[in-house]
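The values are calculated or read from the model by the stated rules, or taken from the named source; none is laboratory data. In this text the structure is predicted, and so the values were computed from the model without any measurement. Using ideal geometry, Cβ is built from the backbone for each residue, glycine included, and neighbour counts are taken over all protein chains shown.
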Amino acid sequence: MNNSVTDTARLLGAGLRALLVLTLVTGVLYPLAVTGVAQGLFPHQANGSEVRADGRVVGSSLIGQQDYGQNFFQPRPARGLGENSVNTRYRLLVSGATNRAADSPELVAWVREAKARVVRENSTADYTVRPADVPADAVTSSGSGLDPDISPQYAALQVHRVAERNGLSVARVERLVRDHTEGRTLGFVGEPRVNVLELNVALRELAARR
């Protein structure tokens, strides 16, 4: 009987010590080490890839926004986004896709509507956008609905409207787009892209200096 109680106490003590050690290692030391390395080597990414303007955070370069006015470059459509119906205290966006097949009549109607809007909104007095000039990313949403980037083609299509509305030369806005065009990751992964938020922050600064 005494041996049984002793063995049980010994096992409970060993289990408690293991719990405390593992809690310290995996719950305190490891997170601190990972956080320290991340902050030391990759502070921008570790802090959410924040984009700042006028001394405050205006968003993340990893998450697209939809609330730009016509003076700025427009992002991809985001029809897949929804709103969280559980937490109604805050307007929480839910990432998602439209889940429509390529031959869906509804999707086809959305694309035609989006193309007509892109042509209408980006044609200016001295520049006419042709429907054939509208790239796919201008009329379709990404799988997440939160793609922060657009193609250089879509950015170039918007240059004349942005230049006219901000009183800037077309050449200057074209140069701004080129400066914010990123190439393929590692030279071969993905496609060239333009981060809309970062481009619009730079555009706002340029227009303010005009």
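One table, with the values for the structure above:
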{"read-out": "Residue list for region 181-202, restricted to those being over 20 Å from L146 (Cβ atoms) and in contact with a strand residue (DSSP E or B) (Cβ under 8 Å, 6 or more places away or on another chain)", "value": "T181"}
{"read-out": "Matching entry among D137, D126 (being closer than 17 Å to V159 by Cα and surrounded by 16 or more Cβ atoms within 10 Å (Cβ to Cβ))", "value": "D137"}
{"read-out": "Members of region 20-60 that are at pLDDT 90 or above and in contact with a Gly (Cβ under 7 Å, 6 or more places away or on another chain)", "value": "none"}
{"read-out": "Which listed residue is surrounded by 11 or more Cβ atoms within 10 Å (Cβ to Cβ) and part of a strand (DSSP E or B), from G59, G48, G80, G64", "value": "G59"}
{"read-out": "Any hit, region 36-45, residues being surrounded by 13 or more Cβ atoms within 10 Å (Cβ to Cβ) and assigned to a loop (DSSP other than H, G, I, E, B)", "value": "no"}
{"read-out": "One residue from N195, N166 being touching a His at 6+ places or on another chain (Cβ under 7 Å) and surrounded by 16 or more Cβ atoms within 10 Å (Cβ to Cβ)", "value": "N195"}
{"read-out": "Residues of region 160-188 that turn out to be within 20 Å of the chain's Cα centre (by Cα) and aliphatic (A, V, I, L, M), as a count", "value": "3"}
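Each row is one residue, and each column tells you yes or no for (1) part of a helix (DSSP H, G or I); (2) under 17 Å from G190 (Cα atoms).
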{"position": "R117", "(1), (2)": "yes, no"}
{"position": "E121", "(1), (2)": "yes, no"}
{"position": "D137", "(1), (2)": "yes, yes"}
{"position": "S142", "(1), (2)": "no, yes"}
{"position": "D147", "(1), (2)": "no, yes"}
{"position": "Q153", "(1), (2)": "yes, yes"}
{"position": "A156", "(1), (2)": "yes, no"}
{"position": "R161", "(1), (2)": "yes, no"}
